[in-house]
Amino acid sequence: MRTDIFYLGRHAVALGTLVACAIFAAPGAPANAKGKITIFDVPNAIETYGGSINIHGVMAAIYDDQTAEHGYLRAADGTITTFDPPGSVYTPEASINDGGVIVGTYLDSNYLQHGYLRAVDGSFTSFDVPDAEGTFGNALNNKGAITGYYFVDAIRHGYVRAADGTVSEFDPTGSVDTEPFSINDKGEVAGFYSDQDENSYGFVRNKDGAISKIQVRGNIISLALSVNGKGAVTGWYYDANLVSHCYLREPDGTITAFDPPGSQSSSCGSINDHGDIDGFYTASNGKVESFIRKAGGSFKSYYIKGTTYISTGQINDKDAIAGSVQIGNGDDQGLLRK
């Protein structure tokens, strides 16, 4: 498994608002995704986001309590633990691996960005890329390797931090802005970069440092967001009309562009080790629905009655999905689909 995509308080809190919802068939979809939807809020949060989920169904993400963003961990039984790294005034990122270790980013009192690791026991390690003006931790694999980006002169550059703390910095050829998003257990990294003409391309970097550009159908905006354990990559791209579509890049470089049936536009979030992809799309009726594309190419769509927006963050190897949802005119709430 790979992970894409914060604990000072040490306080486990009771569940906030928790709602189990029925799943409705999305118009035009060939099949309805069976499963249970749980919508939840971190207590005292005005907005709760769901971003990452590991093989055990443990989620890590962030919430906003109107004063700042903070990290939270939601256990498989629904118990929520909130946290911030020591010295943090703002914790905008959190991603979890299968061992329960969390990586992310925090801002100190001078609003300088640092990466952090939160161990299973709740202890923290802060880290920075040497000579960086700011360091962001985006993803952590099961061997303890981290990827993310750092700033120098307001330009983002990519890095991989090994489990022993060794940092390797990188940029794809022609990049003036690099943002890695995902790292698998082989050390392969997926992300995207921009060139001097403000075109954006996906990339996959192998464990030896070689980088391959991802450009879908010749378009100038192609983003890579997730790489699985076999080296398959997913993300989305804009066509000439600036309409977004999903794609799958196989380990051999073969690219398949796709959209769920009945969609006007689509975006993919992540791919698990079985090759299943999660994402969301705008249906022909204008509603935003979510979907799973199975490895064989079939689709299962689902939505929640009353939803005005839904975004999926990560799918684990059991096809459980973490994401966010808005119902009516409400704020973001956490979403778990099993």
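The values are calculated or read from the model by the stated rules, or taken from the named source; none is laboratory data. Note that the coordinates shown come from a computational prediction; the quantities given were computed from them, not determined experimentally. So basically every Cβ, Gly included, is an ideal-geometry build from the backbone, and we count neighbours across all protein chains shown. Ligands, DNA and RNA are excluded from the accessible area calculation, which covers all protein heavy atoms including side chains. Shrake-Rupley method; radii C 1.70, N 1.55, O 1.52, S 1.80 Å.
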Exercise. Distance in nm between label sites at ASP65 and THR308, each 7 Å beyond Cα in the beta-carbon direction?
Worked result: 2.6
Seminar exercise, completed: Placing one equal point scatterer on each C-alpha of the stretch 220-338 and summing with Debye, one gets log10 I(q)/I(0) at q = 0.15, 0.17, 0.23 Å⁻¹ equal to -0.63, -0.80, -1.37
Exercise. Hey, got the dipole for the chain? About the Cα centre, +1 on K and R Cβ, -1 on D and E Cβ, debye to the nearest 20?
Worked result: 1400
Exercise. Which of the listed residues, THR48, PRO180, ILE255, is farthest toward the dipole's positive end in the chain, when Lys, Arg count +1 and Asp, Glu count -1 at the beta-carbon?
Worked result: ILE255
Problem set entry | the stretch 220-271, Rg to Rh (Cα coordinates; Rh as Kirkwood inverse mean 1/r) | 0.97
Exercise. Hey, quick one: spin label on SER168, modelled 7 Å out along Cα-Cβ, who in the stretch 196-218 has an amide N within reach, i.e. under 11 Å?
Worked result: 205-211
Exercise. If you rank PHE192, PHE203 by how much accessible surface each has, with a 1.4 Å probe, what is the order from largest down?
Worked result: PHE192, PHE203
Exercise. Roughly speaking, to the nearest percent, how much of the stretch 88-216's 1.4 Å accessible area is carbon and sulfur?
Worked result: 45
Seminar exercise, completed: note: the stretch 54-174, Cα-Cα separations exceeding 17 Å make up a percent value of 54
Problem set entry | Solvent-accessible heavy-atom area per residue, rounded to whole Å², over the stretch 208-288 at 1.4 Å | 40
Exercise. Could you give the length gained on full extension between ILE55 and ASP131, defined as 0.36 nm per residue of separation minus the Cα-Cα distance, in nm?
Worked result: 23.8 nm
Seminar exercise, completed: Mean 1/r over distinct Cα pairs of the chain, inverted to a Kirkwood Rh in Å, yields 19.8
For this session: Mind giving me the nanometre distance, one decimal, between the label points for GLU250 and VAL176, set 7 Å out from Cα along Cα→Cβ?
Result: 3.6
For this session: May I ask you to derive the FRET efficiency for ALA257 and ASP108 from their Cβ-Cβ distance with R0 = 56 Å, giving the value to the nearest 0.05?
Result: 0.85
For this session: Calculate, for LYS213 and ALA240, the FRET efficiency according to 1/(1 + (r/R0)^6) with r their C-beta to C-beta distance and R0 22 Å; round to the nearest 0.05.
Result: 0.70
Seminar exercise, completed: With all protein chains in place and a 1.4 Å probe, HIS157 shows an accessible area in Å² (nearest 10) of 40
Problem set entry | Semi-axes of the equivalent ellipsoid for the stretch 119-228, Cα gyration tensor, largest first, Å | 24, 16, 11
Exercise. What residues from the stretch 98-113 fall in the zone where the backbone N is under 17 Å from a label point 7 Å along the Cα-to-C-beta line of PHE151?
Worked result: 105-113
Seminar exercise, completed: Each label sits 7 Å from Cα toward the beta-carbon; between LYS143 and ASN206 the label points are separated, in nm, by 1.4
Exercise. By how many nm would the segment from SER284 to LYS186 grow when fully extended, if each residue of separation counts as 0.36 nm and the alpha-carbon distance is taken off?
Worked result: 31.3 nm
